[in-house]
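Everything below concerns the one structure shown next.
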Amino acid sequence: MPVDERHVRAARALNIEPEIVRELEITRAIDPDRLAEAGEYLLERVLRRMQYTDLVTARERFRQRQQRTEEGVVPENALSKALAQLDSIRARTAMQGRVAGLPCGTSVAPHALLPPRAGLTTGGAGWKSLGPGNIGGRTRSLVVHPTNTNTMWAGSVGGGVWRTDDAGVSWRPVDDFLANLAISTIVIHPANPNVLFAGTGEGFSNADALRGGGIFTTDDGVNWRRIPTTDRPEFDRVTRLAISSDGKVLLASTPGGIWRSEDAAHVTWARVCPEPIADVDFDPTNSERAVAGGLSTGHVFFSDDGGRNWKAAATNGVDWGGRVELAYAIANPMVVYASVDRMGGQIWRSLDGGQSYLQRETRRADGTPIAYLGDQGWYDNVIWAGDRSNEDFVIVGGVDLWKSSDGGDTIVDISAWFNASITSNGSAHADQHCITAAPGFDGSTNKTVFFTNDGGIFKTDDVFTVGNDADRISGWQELVNTYEITQFYAGAGNPTSGIIIGGTQDNGTIRFDPANGAQQWTSIFGGDGGWCAADPSDPNYFYGEYVYLNIHRNDSGGLQQSDFISGNFWNAAVGRWEWKPEPYTITDARNQDALFIAPFVLDPNDPNRIFAGGASLWRTNDAKTPNTNATGPKWERIKTSAGAFISAIAVARGNPDVIWVGHDNGQIFMTTNGTSNLPSWSRVGSAILPGRQCTSIVISAADPAIVHVTFSGYSRSNLWQTTNSGATWIDLGASLPEVPVRAITFHPDNAAFVYAGSEVGIFASEDGGLTWSPTNEGPTNCSVDDLFWMDKRLICATHGRGMFEIDLSAVSAPAKTTPVKKKRRRSAGS
């Protein structure tokens, strides 16, 4: 796409180069005229994101690194097996009461995790949800009850299946086991709306990421169970489910092909197409006809015998390539539309039920082309043609949503991701995944349509006029109300003020004020969030992170937006992001020589000192110094690269010279002169510790020689302890499920009480970690990425179910429990 007058016009208005405007149109599908109307703050956000290409893939790769064994693989059905191990542990221990103050039992009751309402608690087990109830997350599926339209089910990729019975005023999770599986697709039986099916595992971005656990079903809309014959690798990434109009046949598309089942219980499955498939759909009026679109090949297929056999459709001699999403036109099912991830997004149309396709023009009203998918149609790509009165009305979604009234020849945007807001009414969030019409949609008296994306669930009561204003805000309603599926990486809080911040996937660094409650979180920095820190001596100071170690500082208690202190600054004079000269820059951040979510910590002995880990370890002793475009906090390298990125940092409370550092390949280093200009470092644990990513390090506040380290990977032995500064080690994780352990902490009043956050929830110990008991309301089976204290309240940050807290101020002595049988622990020198 060459630079044209539109790009030049927008560039002049924004004081940036026309080539930048053109690049934003290509990669993010931003209309130049729309961009020209953006203010400086929005422009900063847009151009900041432009510095880092393909953030979706980067964050997925980061997460996957934490799942691998030393051999670099994720075992087949790893998560499913781990959950089975968890159930086995619960059955063996049959715990009653509490362990280390946490409620324990044989299962999780997700209804007890809802926020209290009208002064009434719903569970009383001790855990309390902190939300966010107003900030959603990636949602790939939504279905609506055909007669009781207040009831809907949503499929989140981090928090399982959720249900509303009041049209989205409030939501609740429906099942413990599903609660930490990635739900990619849900279908509802056409004859019995109490029967639903849910497919698990995302197969769109990382083709080798094993995150699912088969296909689940319910016959009452409430209680879910897995179809046992789908508990195998072939069903760990179900991209789409389709059910025939007569309800007899169920199809499942996966990266390994299309699977078909026609027995009543759907326990028998046969692979009927070997191609990697992103989307499969039945003709809504004819159970014999179906279509399927390729996951990455661009191939498209049709079936005329109920999905038993598949034939390649004709594409006018054009090799599509990329992901293909399909939609039958409800007004005339012989018309099938395809959204093709080719050249930034193309709409094709079939007039013979999907047997052959011709390209539509896919242009603006002024005739200029538009790449509506940008450069990530492999990730967010959806098409809908559900108007019963007009087969030419089509909606496509990539980063934003676009509509057409002439079958895809002319399209106009109806949402603008940079005008989305979590604090007020705004446009729909970015990255579209699903479009669902309300039952009874007729294009006249009922024009309601639901949309799901990386921000959760959105609704319009008039799909024909939504987003028709200049900002693309008009008509949008957010339905993220107690839909608590936020994916946190980390959190921190100030016990004096009660303010908590958290770094989230794709929803930035966000702030919780207990005075406002769980439904009123606010943003202090956009984009992706990461590690966090809170100044314990000054409630005004918080620190967060954008990707690749871009650290930002907030000196307003989170009431204003943060600014970078690692060297990146917005130069309004030239309309671009620039880097300060050394020593005011972390060069690892500038060069992206760091993990996607890279660690930094505030020294517990000096709130002016920060340690940050990229390829090297960096330190600043003046974290609060004023920022300018040329100066700011000074950074110095105090540990050179060890050949792998730093993944965890800890500083001893009471002794700032004792610092431990963990690396992405499992290497552990420590120093006893960390405040010197050039600390000396020693590697420890090389003879026994795992060669997997070190996820956290905790140094005992009572004795700096006692250190606990945790590791990633679907393997055993992911939690280790040394009592002599790394000379010998004890394996404390052998009896835990084979999952990544991401966080560990100790009760402030009782060092024997240990809490470990893992991929499948929290585990508690009352004997220093020698034996473990699974928690009941712990708070879920979801991945727990961080644990931290607000005085005597333990805060749990999950990757898919938001944050929770539990008051452990009354914990003083071990409860009477039946501990697990002790296993022999390994101890070895370094």
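The values are calculated or read from the model by the stated rules, or taken from the named source; none is laboratory data. The structure presented is a predicted model; accordingly, all values stated were derived computationally and were not measured. All Cβ positions, even for glycine, are placed from backbone atoms using ideal geometry, and neighbour counts span all protein chains on display.
Wholly within region 127-185, which strands (runs of 3 or more DSSP E) include no fewer than the required count, namely at least 3 residues that are under 20 Å from T217 (Cβ atoms)? Steps first, answer last, please.
Values: elements: 127-131, 139-144, 152-156, 160-164.
Hits in region 127-185: 139-144, 152-156, 160-164.
Only residues that are among the hydrophobic types (A, V, I, L, M, F, W, C) and more than 24 Å from the chain's Cα centre (by Cα): list them for region 593-647, please. Answer for region 593-647, where residues must be among the hydrophobic types (A, V, I, L, M, F, W, C) and more than 24 Å from the chain's Cα centre (by Cα): L602, I610, F611, A615, L617, W618, A623, A630, W635, I638, A642, A644.
Answer with yes or no whether F542 is crowded, with 24+ Cβ neighbours inside 10 Å, within 13 Å of G503 (Cα to Cα), assigned by TED's automatic domain parsing to the domain that holds N494 and touching a Cys at 6+ places or on another chain (Cβ under 8 Å). Spelling it out, F542 is indeed crowded, with 24+ Cβ neighbours inside 10 Å, within 13 Å of G503 (Cα to Cα), assigned by TED's automatic domain parsing to the domain that holds N494 and touching a Cys at 6+ places or on another chain (Cβ under 8 Å). Hey, any hits in region 502-519 for a residue that's in a loop (DSSP other than H, G, I, E, B), touching a Ser or Thr at 6+ places or on another chain (Cβ under 7 Å), in the same structural domain as I551 (by TED's automatic domain parsing) and buried (at least 24 other Cβ atoms within 10 Å of the Cβ)? Within region 502-519 (the criterion being in a loop (DSSP other than H, G, I, E, B), touching a Ser or Thr at 6+ places or on another chain (Cβ under 7 Å), in the same structural domain as I551 (by TED's automatic domain parsing) and buried (at least 24 other Cβ atoms within 10 Å of the Cβ)), the answer is yes, since at least one residue qualifies. When the strands (runs of 3 or more DSSP E) confined to region 535-602 are screened for residues that are at pLDDT below 95 and over 16 Å from T509 (Cβ atoms), those reaching at least 2 such residues are found at 568-571, 576-579. Is one or more of the residues making up region 70-84 in a strand (DSSP E or B), crowded, with 17+ Cβ neighbours inside 10 Å and modelled with pLDDT of 75 or more? No: zero hits. Check whether at least one residue in region 191-206 is surrounded by fewer than 22 Cβ atoms within 10 Å (Cβ to Cβ) and on the phi > 0 side of the Ramachandran plot, and report yes or no. Looking through region 191-206, none of the residues is surrounded by fewer than 22 Cβ atoms within 10 Å (Cβ to Cβ) and on the phi > 0 side of the Ramachandran plot.
Determine if region 203-218 includes at least one residue that is more than 20 Å from N309 (Cα to Cα), of a type in the set (A, V, I, L, M), over 23 Å from the mean Cα position of the chain (by Cα) and not in a strand (DSSP E or B). No - not one qualifying residue is present in region 203-218. When each of T460, T504, T465 is tested for being in contact (Cβ under 8 Å) with a residue 24 or more places away in the chain and hydroxyl-bearing (S, T, Y), the lone residue that passes is T504.
Name every residue in region 408-441 that is within 15 Å of A365 (Cα to Cα) and surrounded by fewer than 20 Cβ atoms within 10 Å (Cβ to Cβ), in order of residue number. Passing the criteria: D409, T410, V412.
Considering V396, V463, V449, the condition of being more than 26 Å from the chain's Cα centre (by Cα), more than 30 Å from A743 (Cα to Cα) and among the β-branched types (V, I, T) is satisfied by V463 alone. Residue pairs whose Cβ atoms lie under 6 Å apart, sitting 6 or more positions apart in sequence or on different chains, and linking a residue in region 240-254 that is closer than 13 Å to R308 by Cα and in contact (Cβ under 8 Å) with a residue 12 or more places away in the chain to a partner that is surrounded by 21 or more Cβ atoms within 10 Å (Cβ to Cβ) and of a type in the set (S, T, N, Q), are L250/S261. Being touching a strand residue (DSSP E or B) at 6+ places or on another chain (Cβ under 9 Å), modelled with pLDDT of 95 or more, of a type in the set (V, I, T) and farther than 18 Å from F204 by Cα narrows it down to one of V340, V412, so name that one. Answer to the selection: V412.
Taking the numbered list (1) free of Cβ contacts under 8 Å to residues at least 24 places away in the same chain; (2) over 27 Å from N332 (Cβ atoms) in turn, L295 passes all entries but (1).
As a summary of the residue check, P633 satisfies the conditions (1) within 17 Å of T585 (Cβ to Cβ); (2) surrounded by fewer than 16 Cβ atoms within 10 Å (Cβ to Cβ) except for the one numbered (2).
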